[in-house]
Amino acid sequence: MMKSSKIIVISCLIYFLVGTNLHVCAQGSAATSLSAFSFINLQRDTITNAGVLDAFFAKLKLLSDGKAEVINIVHIGDSHTQADFLTGEIRTNLQKSFGNAGRGLVAPLRLAGTNEPFNYRISSANTWQKIYVKSLTRPFEPGLAGVSVRKSDTMPGKITIKTQNKDSLDYSFSKITLFCRNDSTPFEVNISDSTHHICSSLKITSDTVYPVNLNAATNQLDLEFNSRAIIDGFVLRNQNSGIVYHTAGVNGAHFSDFNRSSVFFKQMPVLTPDLIIVSLGTNEGVSYRITSQMIVNEVDKLLKSLADQGVFCPVLLVTPFDNYYRRKSFNKYLKTVNTGLIDAAKKNGLAYLDAYQITGGYGSAASWRRNGMFGRDRVHYTQAGYRLQGNILYQGLINSFNKWCSQSVSAEH
């Protein structure tokens, strides 16, 4: 009995030390950033119905204990996520706490003539036809990143992918997965590294997913081909265990835009997501015709499309932060969106983070503006504003994870 008691005490002490270290590491600068702003309600910064995420938290705990290799998180969003300031903050904090397994999904945004995140660059001298999930006319369907391009000139095709190492994270990669569709007939893609040595030659046929293991880690690859290929994006990985945080963010996107994009959902299983985060709704909040039931219907459709492709991982809904309506008045329509998202979460048994109420709800945009974190259009935020929002989402996730860890240990003893 004495020996057993010692084992229990030692086990609890080990958990306390490990858990405390994880808690401090996970919070880090995020806790300091949040406490500096009085308009953030730290008491509400946690996930509602977090029990839905138990399977994800269990994998996260295994990862923190060195018993799991990779966790894939997919974040679906709009312009607030496309630039990656918000999602980049979440990715950085998670990877510093649990390990960096690679940059994840990168999209040909620059080739489509739109803004690209700061930590990678996809460039080409060719001319490209673009398609977005929000495009009404679709000569071809957009893929997994929500933005796809097709080569439209007669010159030999060449794409350069280059990653930037930011925030002490190494985004060199030794694995690349190409999401590509042949427009008519099969063709070859030659992949070469920064020393111009060919690493691999791929035969692009009727498949759409092509994984390639490289000989060594690199921050730059060239892809050369001679076809009107459709490029949907790339997944960049390294050999490490940790988090891969994929983002599919498209300027101006609505739930309905993603819901009518069949290829987007067909390619989703390749990412093997352990958690899907959805932060849409800002663009729905522009319309005075929006109703909460319309939001519920669109969430239902998104969940069905995921299920139809065999994707049954936990889903976390994040409500939009407050903004202004036509730059003048506070946006009352976002209240409707917020209600609809929470109703959809309750109906479908989803977890949700009420970011709208965490920062004060209706009219709280004034606080962001006073702190210099709103853009001139009063819909989008500054880089500092997005990073603060990323910290809010990250801290909500970590708060819920730490509670899960505490409850799990209590249950064991």
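Summed over the stretch 357-386, the residues that are surrounded by fewer than 20 Cβ atoms within 10 Å (Cβ to Cβ), in a helix (DSSP H, G or I) and either touching a Phe, Trp or Tyr at 6+ places or on another chain (Cβ under 6 Å) or of a type in the set (A, V, I, L, M) (or both) give a count of 4.
Of all residues in the stretch 365-390, those that are among the charged types (D, E, K, R) have Cβ atoms under 6 Å from Cβ atoms of residues that are modelled with pLDDT under 90, 6 or more apart or on another chain, in 378/327. Would you confirm whether any residue within the stretch 281-290 is surrounded by 22 or more Cβ atoms within 10 Å (Cβ to Cβ), touching a strand residue (DSSP E or B) at 6+ places or on another chain (Cβ under 8 Å) and closer than 23 Å to residue 117 by Cα? No: the stretch 281-290 contains no residue that is surrounded by 22 or more Cβ atoms within 10 Å (Cβ to Cβ), touching a strand residue (DSSP E or B) at 6+ places or on another chain (Cβ under 8 Å) and closer than 23 Å to residue 117 by Cα.
Is it the case that residue 177 is modelled with pLDDT of 95 or more and either within 28 Å of residue 88 (Cα to Cα) or among the β-branched types (Val, Ile, Thr) (or both)? Answer is yes for this residue.
Has the stretch 67-86 got at least one residue that is without any contact (Cβ under 8 Å) to a residue 40 or more places away in the chain, under 24 Å from residue 282 (Cβ atoms) and surrounded by fewer than 21 Cβ atoms within 10 Å (Cβ to Cβ)? Within the stretch 67-86, none of the residues are without any contact (Cβ under 8 Å) to a residue 40 or more places away in the chain, under 24 Å from residue 282 (Cβ atoms) and surrounded by fewer than 21 Cβ atoms within 10 Å (Cβ to Cβ).
Mind listing whichever residues of the stretch 46-62 are under 19 Å from the mean Cα position of the chain (by Cα) and surrounded by 15 or more Cβ atoms within 10 Å (Cβ to Cβ)? Steps first, please.
Start the filter on the stretch 46-62 by keeping residues that are under 19 Å from the mean Cα position of the chain (by Cα), which leaves 46-47, 50, 52-53, 55-57, 59-60.
Result: 46, 47, 50, 52, 53, 56, 57, 59, 60.
Residues in the stretch 272-308 that are under 19 Å from the mean Cα position of the chain (by Cα), not β-branched (Val, Ile, Thr) and not in a helix (DSSP H, G or I) were compared, and the one that is nearest to residue 104 (Cα to Cα) is 273.
Being assigned by TED's automatic domain parsing to the domain that holds residue 377 and in contact with a Pro (Cβ under 8 Å, 6 or more places away or on another chain) is true for just one of 278, 296, 315, 311. Which residue is that?
Numbers: 278 fails: in contact with a Pro (Cβ under 8 Å, 6 or more places away or on another chain); 296 fails: in contact with a Pro (Cβ under 8 Å, 6 or more places away or on another chain); 315 fails: in contact with a Pro (Cβ under 8 Å, 6 or more places away or on another chain).
Of 278, 296, 315, 311, the one residue that is assigned by TED's automatic domain parsing to the domain that holds residue 377 and in contact with a Pro (Cβ under 8 Å, 6 or more places away or on another chain) is 311.
Residue under question is residue 47, and the condition is that it be within 15 Å of residue 276 (Cβ to Cβ), in contact with a His (Cβ under 9 Å, 6 or more places away or on another chain) and in contact (Cβ under 8 Å) with a residue 40 or more places away in the chain; does it hold? The answer is no for residue 47. For the stretch 189-211, a tally of residues being farther than 18 Å from residue 144 by Cα and either in a loop (DSSP other than H, G, I, E, B) or within 25 Å of the chain's Cα centre (by Cα) (or both) returns 5. Scanning the stretch 325-341 for residues that are assigned to a helix (DSSP H, G or I) and free of Cβ contacts under 8 Å to residues at least 60 places away in the same chain yields a count of 8.
Looking at the stretch 102-115, is at least one residue surrounded by fewer than 21 Cβ atoms within 10 Å (Cβ to Cβ), in contact (Cβ under 8 Å) with a residue 24 or more places away in the chain and either in contact with a strand residue (DSSP E or B) (Cβ under 9 Å, 6 or more places away or on another chain) or not assigned by TED's automatic domain parsing to the domain that holds residue 154 (or both)? Give the derivation first.
Taking the stretch 102-115 as the starting set, the residues that turn out to be surrounded by fewer than 21 Cβ atoms within 10 Å (Cβ to Cβ) are 110, 113-115.
Next, only the ones that are in contact (Cβ under 8 Å) with a residue 24 or more places away in the chain stay: 114-115.
Among the residues that remain, those that are also either in contact with a strand residue (DSSP E or B) (Cβ under 9 Å, 6 or more places away or on another chain) or not assigned by TED's automatic domain parsing to the domain that holds residue 154 (or both) are: 114.
Scanning the stretch 102-115, I find at least one residue that is surrounded by fewer than 21 Cβ atoms within 10 Å (Cβ to Cβ), in contact (Cβ under 8 Å) with a residue 24 or more places away in the chain and either in contact with a strand residue (DSSP E or B) (Cβ under 9 Å, 6 or more places away or on another chain) or not assigned by TED's automatic domain parsing to the domain that holds residue 154 (or both), so the answer is yes.
With the condition being at pLDDT below 85 and not acidic (Asp, Glu), I'd like the helices (runs of 4 or more DSSP H) fully within the stretch 1-95 carrying at least 2 qualifying residues. Of the helices (runs of 4 or more DSSP H) lying wholly inside the stretch 1-95, those with at least 2 residues that are at pLDDT below 85 and not acidic (Asp, Glu) span 2-35.
Within the stretch 286-312, residues that are acidic (Asp, Glu) sit with their Cβ atoms under 6 Å from residues that are surrounded by 13 or more Cβ atoms within 10 Å (Cβ to Cβ), at 6+ positions apart or across chains, in these pairs: 298/255; 298/256.
Give the residue, chosen from 263, 299, 250, that is more than 23 Å from residue 320 (Cα to Cα) and surrounded by 18 or more Cβ atoms within 10 Å (Cβ to Cβ). It would help to see each step written out before you state the result.
Numbers: 299 fails: more than 23 Å from residue 320 (Cα to Cα); 250 fails: more than 23 Å from residue 320 (Cα to Cα).
Residue meeting the stated conditions: 263.
The values are calculated or read from the model by the stated rules, or taken from the named source; none is laboratory data. The structure displayed is predicted, hence computed values, not measured ones. Note that each Cβ is placed from the backbone with ideal geometry, even for glycine, and that neighbours are counted across all protein chains shown.
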